[in-house]
């Protein structure tokens, strides 16, 4: 319906309105970035204007205090390994449940789906007990295991829906050619799942990288903190020192913004795909 | 013999393919969830191993005596209503705008989506600065009263502060879903409606809204469950203040369990929370699903 319309005054007005709205959306970023480069006095005198002098050393100070590289590596490790494990276990389980719809598997599927309505807060208190009993507390590995449990429902559901469109004939042909069931999955089915795998990786990454409450409950030692946890504890110490606090915020936000700008096509496509199926 | 081998290999496959997913799911989700039914009936403090049966006294206490929990529920309900309505209204409007042939629509889409990739905890900190220092500076500069309000200082402005930040965060995500639905609308229907002389308002109400109803189902579900469970943003923006007036249920449960060490009471609260969230979201999905039309 769109291409037939010519660019006219009405569209121009819309464009201007949308651009103004976009500026409004960006104002908070302006405030945070500009003020993170000011001295404390400058910031208190004029929070809206341009810095009198650029204080880049706010960043080098915060980089040291927050031990930013360490927090970044912790976040990266946890996000990557949780993603890898989740893709693996949920693709395999979804495949089996779809291709062998025994009573057990069908009940299992319903159970996985039904669990999605349970809010995290309704599980977290006993989870802390279970996690400490099986040795998952205060360990990045333990946190990753927790993500396996919390992510598997949605991932399995998305894979299950997507697999229905894969024709059975391809798999049958592979079996005739002497492929084992494991080979069929790995060499034939899993590569065909790639579009859904990308969607799942994106949804999981946004969730795990930005998650706060679960890491807060599981990780206690300072040297294994993720970026949100580290920012939280940093903020607790530098509440009123906005010059440093804001530089810390910019550092905390930067990796995800960079990731989004690089991957935005995939991210936006992934969210549309995930929502249609969900 | 061959038959038995086949059955064995089938069992091994079941174990290899489904086993890991089932194991982690049971350990992390199912077992703790079932345990919470038991612990909600005890006075467990999380520290000692001695757990004393308390019957329904936790529930009685929550429903009859705990005014903080009631306030938290009331706040969360009002906040959820406002956040869901405004976020969807803004997201839908943005989608309508960005499905027009605008020259800058790719840039615009990026900008509107941007807040959503940032952790809720960091967003709260960012906006606490905006509300305290940024708005004050704009207020001084422009003289507009709106910016001079003590945003995080009073109960009602802090409430709207939470809503503003949530809308800013969620609208872009919803916009993406609405855009996807609008792009999938069958062209013939739109053209036919145009030929029949449908005006813009009529077009929106009788064609576009019914056609994107599945997107409404998804977006309402997402915003309802995000808003009900709000925690990170609440903690970093208002900490529940001033005077507990903006404390969400999630924050209340967290404090009860991990700060007051009343795990038994906390689990009872979390079960009530589960029943409410599950009921509301299920009813919403059933209701909006019924409104979806077949094309």
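The values are calculated or read from the model by the stated rules, or taken from the named source; none is laboratory data. These numbers were taken from a predicted model, which means no experiment stands behind them. All Cβ positions, even for glycine, are placed from backbone atoms using ideal geometry, and neighbour counts span all protein chains on display.
Okay, residues lined up against (1) under 28 Å from residue A:270 (Cα atoms); (2) crowded, with 21+ Cβ neighbours inside 10 Å; (3) in contact with a helix residue (DSSP H, G or I) (Cβ under 7 Å, 6 or more places away or on another chain):
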site: A:109; (1), (2), (3): yes, no, yes
site: A:147; (1), (2), (3): yes, yes, yes
site: A:153; (1), (2), (3): yes, yes, yes
site: A:175; (1), (2), (3): no, no, yes
site: A:192; (1), (2), (3): yes, no, no
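Taking the listed residues A:250, A:276, the one that is more than 17 Å from the chain's Cα centre (by Cα), within 11 Å of chain B (Cβ to nearest Cβ) and modelled with pLDDT under 90 is A:276, with no other qualifying.
When A:157, A:190, A:148 are checked against the criterion of being more than 20 Å from residue A:80 (Cβ to Cβ), assigned by TED's automatic domain parsing to the domain that holds residue A:86 and assigned to a helix (DSSP H, G or I), a single residue qualifies: A:157. Taken as a whole, the structure places residue B:122 among residues that are within 7 Å of another protein chain (Cβ to nearest Cβ), under 22 Å from residue A:253 (Cα atoms) and either over 20 Å from the mean Cα position of the chain (by Cα) or touching a residue at least 40 places away in the same chain (Cβ under 8 Å) (or both).
Residues to consider are A:77, A:86; find the one that is touching a residue at least 24 places away in the same chain (Cβ under 8 Å), within 24 Å of the chain's Cα centre (by Cα), surrounded by fewer than 18 Cβ atoms within 10 Å (Cβ to Cβ) and assigned by TED's automatic domain parsing to the domain that holds residue A:223.
Matching residue, one of A:77, A:86: A:77.
Taking the conditions exactly as written (facing chain B (nearest Cβ under 7 Å), buried (at least 18 other Cβ atoms within 10 Å of the Cβ) and modelled with pLDDT under 90), does residue A:93 satisfy them or not? When the stated conditions are applied, residue A:93 does not pass them. Of the helices (runs of 4 or more DSSP H) lying entirely inside the stretch B:211-295, those containing at least 1 residues that are farther than 30 Å from residue A:273 by Cα span B:232-237, B:249-254, B:263-291. Apart from one condition, residue B:37 fits all of (1) exposed (fewer than 13 other Cβ atoms within 10 Å of the Cβ); (2) without any contact (Cβ under 8 Å) to a residue 40 or more places away in the chain; the exception is (2).
Restricting the stretch B:158-207 to residues that are free of Cβ contacts under 8 Å to residues at least 60 places away in the same chain and part of a loop (DSSP other than H, G, I, E, B), the residue that is farthest from residue A:26 (Cα to Cα) is B:196.
Could you list, in sequence order, the residues of the stretch B:250-274 that are more than 15 Å from residue A:127 (Cβ to Cβ) and over 22 Å from the mean Cα position of the chain (by Cα)? Within the stretch B:250-274, B:259, B:260, B:261, B:262, B:264, B:265 qualify. One residue is enough: does the stretch B:137-157 have a residue meeting the conditions assigned to a helix (DSSP H, G or I), surrounded by 21 or more Cβ atoms within 10 Å (Cβ to Cβ) and in contact (Cβ under 8 Å) with a residue 12 or more places away in the chain? No, the stretch B:137-157 contains no residue that is assigned to a helix (DSSP H, G or I), surrounded by 21 or more Cβ atoms within 10 Å (Cβ to Cβ) and in contact (Cβ under 8 Å) with a residue 12 or more places away in the chain. Residue count for the stretch B:147-163 under the criterion of being within 14 Å of another protein chain (Cβ to nearest Cβ) and within 17 Å of residue A:47 (Cα to Cα): the result is 3. Note on the stretch A:203-213: residues that are under 16 Å from residue B:115 (Cα atoms) and buried (at least 20 other Cβ atoms within 10 Å of the Cβ) amount to 6. Between A:23, A:12, the distinction of being within 13 Å of another protein chain (Cβ to nearest Cβ), surrounded by fewer than 14 Cβ atoms within 10 Å (Cβ to Cβ) and under 28 Å from the mean Cα position of the chain (by Cα) belongs to A:23 only.
Return yes or no: is residue B:210 within 11 Å of chain A (Cβ to nearest Cβ), closer than 30 Å to residue A:266 by Cα and either at pLDDT below 90 or out of contact with any helix residue (DSSP H, G or I) (no Cβ under 8 Å at 6 or more places or on another chain) (or both)? Break it down stepwise before answering.
On the way: within 11 Å of chain A (Cβ to nearest Cβ): no; closer than 30 Å to residue A:266 by Cα: yes; either at pLDDT below 90 or out of contact with any helix residue (DSSP H, G or I) (no Cβ under 8 Å at 6 or more places or on another chain) (or both): yes.
Judged against the criteria, residue B:210 is not a match.
Looking across the stretch A:160-169, the residues that are surrounded by 13 or more Cβ atoms within 10 Å (Cβ to Cβ) and in a helix (DSSP H, G or I) come down to A:160, A:161, A:162, A:163. Residue-level check: of (1) over 30 Å from residue B:200 (Cα atoms); (2) out of contact with any helix residue (DSSP H, G or I) (no Cβ under 6 Å at 6 or more places or on another chain); (3) within 8 Å of another protein chain (Cβ to nearest Cβ), residue A:28 misses just (2).
Number of residues in the stretch A:201-230 that are more than 8 Å from chain B (Cβ to nearest Cβ) and not in a loop (DSSP other than H, G, I, E, B): the value is 16.
Filtered by the rule that a residue be more than 9 Å from chain A (Cβ to nearest Cβ) and more than 26 Å from residue B:94 (Cα to Cα), the stretch B:133-146 gives B:139, B:142, B:143, B:144, B:145.
The rows are residues; the columns are (1) over 21 Å from residue B:35 (Cβ atoms); (2) facing another protein chain (nearest Cβ under 8 Å).
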| residue | (1), (2) |
| --- | --- |
| A:98 | yes, no |
| A:104 | yes, no |
| A:116 | no, no |
| A:126 | no, yes |
| A:130 | no, yes |
| A:145 | no, yes |
| A:149 | no, yes |
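Just one of the numbered conditions (1) under 25 Å from the mean Cα position of the chain (by Cα); (2) more than 12 Å from chain B (Cβ to nearest Cβ) is not true of residue A:57: (1). Of all residues in the stretch B:55-94, those being surrounded by fewer than 15 Cβ atoms within 10 Å (Cβ to Cβ) and assigned to a loop (DSSP other than H, G, I, E, B) number 3. Can you say whether residue B:189 is out of contact with any strand residue (DSSP E or B) (no Cβ under 9 Å at 6 or more places or on another chain), within 12 Å of chain A (Cβ to nearest Cβ) and surrounded by fewer than 17 Cβ atoms within 10 Å (Cβ to Cβ), as far as the supplied structure shows? It is true that residue B:189 is out of contact with any strand residue (DSSP E or B) (no Cβ under 9 Å at 6 or more places or on another chain), within 12 Å of chain A (Cβ to nearest Cβ) and surrounded by fewer than 17 Cβ atoms within 10 Å (Cβ to Cβ).
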